[in-house]
Amino acid sequence: MDKVKKIKSGANGETGGRIIIDIPVEPQGQMRPRTRAIVKGKKAFAMAYKDRRQRLREERLMLFIKDHIPSGGPWTDPAVMTLYCFLPVPKSYSKARRERCLLGKEFPAKTPDLSNVMKMIEDCLNRLVFEDDKQIISSLVVKVYREKPGMRVVLDRVKDRELYSVLYGVFGEVLREVA
């Protein structure tokens, strides 16, 4: 990690090439867009829009993200994103099973779907932390049980291939083969 340039940590949690955002909101997946038919004269077309509940979820997430906007404006460099989803242990589980879950011996193979959670977080980060979510060149998403539900988003700014190799040593070999 010594390849990540560190700068004085500000109130927004930014330390040069890394931003860590803790969101004390239970992970939920992005909802499917709603559609409606619109007729104008003899022409008809479909219009897609976000459900009201989805917009409210995103606004709530953005309240936590706004405290972490980079001081120099949105990043233009590629980024690596790690998303940890902390889910509550179901109340119906026995005490022994609950303990196994909290020790990491059982994982939450249930909703929400990780790709939908990731997409919602990416959409909320757009134009705030980075210009567009297309800048994410690699991601890792993990679901685990925790006493308190929430999410942790870790964003690493990638300025060159060497840094990418340091962050993800496993992929370093692949990068060298492709280069």
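The values are calculated or read from the model by the stated rules, or taken from the named source; none is laboratory data. Keep in mind the model is a prediction, meaning the values are calculated, not measured. Cβ: placed from backbone, ideal geometry, glycine included. Neighbour counts: every protein chain shown.
Considering (1) surrounded by 12 or more Cβ atoms within 10 Å (Cβ to Cβ); (2) under 23 Å from Glu131 (Cβ atoms); (3) of a type outside the set (A, V, I, L, M), the lone condition that Glu59 does not fulfil carries the number (1). One residue stands out in the stretch 40-87 among those that are among the charged types (D, E, K, R), outside any helix (DSSP H, G or I) and at pLDDT 85 or above: the one that is nearest to Tyr145 (Cα to Cα), namely Asp77.
Within the set of pairs 6+ apart or on separate chains, which have a first residue in the stretch 24-35 that is under 23 Å from Ala46 (Cβ atoms) and among the hydroxyl-bearing types (Ser, Thr, Tyr), a second that is modelled with pLDDT under 85 and not in a loop (DSSP other than H, G, I, E, B), and C-beta atoms under 8 Å apart? Matching pairs, first to second residue: Thr35/Met47; Thr35/Ala48; Thr35/Tyr49. Within the stretch 66-79, residues that are under 12 Å from Ile20 (Cα atoms) sit with their Cβ atoms under 9 Å from residues that are at pLDDT below 90 and surrounded by fewer than 13 Cβ atoms within 10 Å (Cβ to Cβ), at 6+ positions apart or across chains, in these pairs: Asp67/Ala11.
Checking Val117, Val142 one by one, the residue that is of a type outside the set (Phe, Trp, Tyr), within 27 Å of Pro70 (Cα to Cα), surrounded by fewer than 14 Cβ atoms within 10 Å (Cβ to Cβ) and under 13 Å from the mean Cα position of the chain (by Cα) is Val142 and no other.
Take the stretch 127-166 and flag every residue that is basic (Lys, Arg), touching a strand residue (DSSP E or B) at 6+ places or on another chain (Cβ under 8 Å) and modelled with pLDDT of 90 or more. Result: Lys143, Arg146, Lys148, Arg152.
Pairs linking a residue in the stretch 82-93 that is aromatic (Phe, Trp, Tyr) to a residue that is assigned to a loop (DSSP other than H, G, I, E, B), with Cβ atoms under 8 Å and 6 or more positions apart or on different chains, are Phe86/Pro27; Phe86/Arg146; Phe86/Lys148; Phe86/Pro149. The residues in the stretch 94-136 that are part of a helix (DSSP H, G or I), touching a residue at least 24 places away in the same chain (Cβ under 8 Å) and of a type in the set (A, V, I, L, M, F, W, C) can be counted, and the count is 9.
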